[in-house]
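Below is one structure, written out as structure tokens; comments come after it.
The values are calculated or read from the model by the stated rules, or taken from the named source; none is laboratory data. All values derive from a computational prediction rather than experimental measurement. Counting neighbours? That spans all protein chains shown, and the Cβs are built from the backbone with ideal geometry, glycine included.
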Amino acid sequence: MRISVDGRAIEVAEGMSLAAALIASRTDGFAPLCGMGVCQQCRVTVDGVAHAASCQIECREEMEVRTR
Ligand code: FES
């Protein structure tokens, strides 16, 4: 499936967490720590909703993500 990250289209696997997708796509400045919803270092804006913990969100088709 495809998602948009800072205006860039990337291909992600079904069931992949958003944090894993951002790491795999080598998104600049993205540095999650815990991967379990505690540290909040992975917060991004998803479909216009700010401060979403990307390690707790599964990728969805056409998801729009902003990291800045
Ligand atoms: S990586 Fe720590 S809350 Fe997401």
Scan VAL5, VAL38, VAL44 and give me the residue that is over 11 Å from VAL65 (Cα atoms) and of a type in the set (Val, Ile, Thr). VAL38
When you go through ARG2, ARG66 one by one, which is the residue that is charged (D, E, K, R), surrounded by fewer than 18 Cβ atoms within 10 Å (Cβ to Cβ) and within 9 Å of the chain's Cα centre (by Cα)? ARG66
Scope region 19-49; condition surrounded by 13 or more Cβ atoms within 10 Å (Cβ to Cβ) and closer than 16 Å to ARG2 by Cα; matching residues: ALA19, ALA20, ALA21, LEU22, ILE23, ALA24, SER25, THR27, VAL46
Give me the strands (runs of 3 or more DSSP E) completely within region 7-68, filtered to those with at least 1 residues that are without any contact (Cβ under 8 Å) to a residue 40 or more places away in the chain, ordered by residue number. 8-11, 43-46, 49-53
Answer with yes or no whether VAL46 is near the ligand (Cβ under 10 Å from one of its atoms) and at pLDDT 95 or above. no
